[in-house]
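Below: the structure, in structure tokens.
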Amino acid sequence: MRASSKIEYLQVSGLLYFFFFAFSSSFSLFSIWIHKAIGLNGAETGMVFAANTIAAMLILPFYGVLQDRLGMSKKLLVWIGVLLCCTAPFCIYVYSWLLATNLVLGVVVGAAFLGFAMLAGAGLIESYTERLSRHMGFEFGKARLWGSLGWASATGVVGVMFSINPNIMFYMSTGSGIIFLLILFRMDLGKYCDSTSQAAKAFANPVRMKDFWVLMTLPRFWAFGLFMTGVCGIYAVYDQQFPVYFSSFYPNPEDGIRAYGYLNSSQVFVEALCMLFAPWLISRIGAKNGLILTGTIMFVRILGSGVAVDVWVIASCKMLHALEVPILLVSAFKYIAGNFDPRLSATLYLVGFQAAQSLTAMFLAPVAGYGYDHIGFSSVYVLMAGVVGVCLLISCLTLRSQSSRTPCSTVPDHAPSPPATTAIV
């Protein structure tokens with residue numbers, strides 16, 4: 001990394017830290033807040049999560065296309081920062097009241113706010129960081145680990161704060177949003193827009209709508225989407241109400257909530273450590289094998305949760321998440337860089353990665369919530385593991401291994417490829 005880029009690298013790391021601190025403050029115990037503080041049952045909670053994922057799925061393509069056209073502009077990040085600052089007043093005085101008095105309206109309004117601010121915002125910031133890493137010459141994983149640390153820092157205290165007053169977690173998000181904006185306003189990225197580096201040249205040609213339509217015709221795009229939908233999407237639904245399931249292993253739910261906060265914090269700190277080594281691992285096994293490894297970890301965790309008989313087993317399953325997240329993120333960006341046009345990286349990540357998961361959650365979350373209420377968490381988890389296992393086997397055949405050439409454009413597979421671009425990590 002150039003010495004002149006170190007300040008910008010630290011600023012980007014700060015953005016990731018405080019965004020995920022805000023995200024974690026509101027969402028680490030979100031399902032418990034809905035279940036305990038608001039009083040919604042499993043099916044109603046599933047409806048909330050389904051609406052959230054629908055909103056995220058609709059917003060993600062918009063964010064992706066717009067950011068690809070804006071390039072290095074910070075305008076969308078400013079928008080997200082403003083929304084983060086509004087988290088406490090919205091959730092405390094608007095969202096909670098609507099959920100208690102008019103569930104449907106509360107679900108719709110809350111999904112729109114949370115979708116723009118956090119659920120879709122997380123993918124946007126990650127894709128923006130990946131694009132910036134091409135210009136600055138740093139590894140994406142080294143910056144993204146600060147996001148994991150931010151999440152862990154929040155979960156380390158949010159469990160205790162929730163026991164005191166659930167509203168504190170939303171004030172934590174607002175405070176973090178203010179710091180996020182202050183860092184963002186200090187960043188000056190104008191010099192990278194005029195960079196003559198190879199990474200900058202890869203983004204030189206303007207993005208046209210035709211490029212997006214051509215992307216949608218590529219079989220490898222849909223193969224990638226299948227993995228994200230059938231494996232990662234189901235895993236995301238599994239993880240939504242996992243805190244409720246975990247706390248049920250304790251005689252006193254308050255003790256379960258507090259224990260989950262400590263466990264979640266420990267998991268994310270380990271995740272941050274693994275983020276340092278994930279680029280090294282993926283560079284040796286390849287992006288496709290990294291995705292398959294991630295899917296295997298997800299399968300083991302879901303199935304293990306379904307057959308768990310005590311809190312130590314379920315806690316061990318939770319810690320597997322620390323291995324899965326770094327491998328998935330690095331593998332996904334590596335796979336995108338090696339198989340698609342780098343100018344469309346934001347769209348590919350937000351649509352092929354994030355929105356594909358949201359599509360699954362949109363349909364599955366209400367069904368899962370109904371299943372939790374009627375047949376129990378364990379039985380639903382075993383069924384989920386079966387579906388994930390089948391989709392994982394299909395992905396082993398359909399995902400594309402890195403070839404000798406670098407297929408980083410949206411042209412068909414039989415057409416000549418452009419010169420390789422700078423790798424992500």
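The values are calculated or read from the model by the stated rules, or taken from the named source; none is laboratory data. Everything numeric here is computed off the predicted structure, so don't read it as measured data. As a convention, Cβ positions derive from the backbone with ideal geometry for all residues, glycine included, and neighbour counts pool all protein chains shown.
Can you find even one residue in the stretch 218-240 that is surrounded by fewer than 20 Cβ atoms within 10 Å (Cβ to Cβ) and polar (S, T, N, Q)?
no
Just one of the numbered conditions (1) modelled with pLDDT under 95; (2) under 22 Å from LEU40 (Cα atoms); (3) buried (at least 22 other Cβ atoms within 10 Å of the Cβ) is not true of ARG144; which one?
(2)
So that you can scan it fast, the table gives a plain yes or no per residue for (1) crowded, with 23+ Cβ neighbours inside 10 Å; (2) among the β-branched types (Val, Ile, Thr); (3) within 27 Å of ALA55 (Cβ to Cβ):
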position: ASP310; (1), (2), (3): no, no, no
position: SER316; (1), (2), (3): no, no, no
position: LEU328; (1), (2), (3): yes, no, yes
position: ASN339; (1), (2), (3): yes, no, no
position: PHE353; (1), (2), (3): yes, no, yes
position: GLN357; (1), (2), (3): yes, no, yes
position: PHE363; (1), (2), (3): no, no, yes
position: HIS374; (1), (2), (3): no, no, yes
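Give, as residue ranges, the helices (runs of 4 or more DSSP H) completely inside the stretch 210-252 that count at least 3 residues that are under 15 Å from the mean Cα position of the chain (by Cα). Walk me through it before giving the result.
On the way: elements: 219-227, 234-240, 242-247.
Because the criterion is at least 3 residues that are under 15 Å from the mean Cα position of the chain (by Cα), the helices (runs of 4 or more DSSP H) in the stretch 210-252 that meet it are 234-240.
Return the residues of the stretch 48-66 that are surrounded by 21 or more Cβ atoms within 10 Å (Cβ to Cβ) and not β-branched (Val, Ile, Thr); say none if nothing qualifies.
PHE49, ALA50, ALA51, ASN52, ALA55, ALA56, MET57, LEU60, TYR63, GLY64, listed by residue number.
Any idea which of (1) farther than 27 Å from TYR128 by Cβ; (2) touching an Asp or Glu at 6+ places or on another chain (Cβ under 8 Å) is the one TYR349 doesn't satisfy?
Of everything listed in (1) farther than 27 Å from TYR128 by Cβ; (2) touching an Asp or Glu at 6+ places or on another chain (Cβ under 8 Å), TYR349 misses just condition (1).
Residues checked against (1) β-branched (Val, Ile, Thr); (2) under 27 Å from SER331 (Cβ atoms):
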| position | (1), (2) |
| --- | --- |
| ASP239 | no, yes |
| PRO243 | no, yes |
| ILE257 | yes, no |
| VAL268 | yes, yes |
| MET275 | no, yes |
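Among the residues that make up the stretch 271-279, is at least one of them in contact (Cβ under 8 Å) with a residue 60 or more places away in the chain and either in contact with a Phe, Trp or Tyr (Cβ under 7 Å, 6 or more places away or on another chain) or not in a helix (DSSP H, G or I) (or both)?
no
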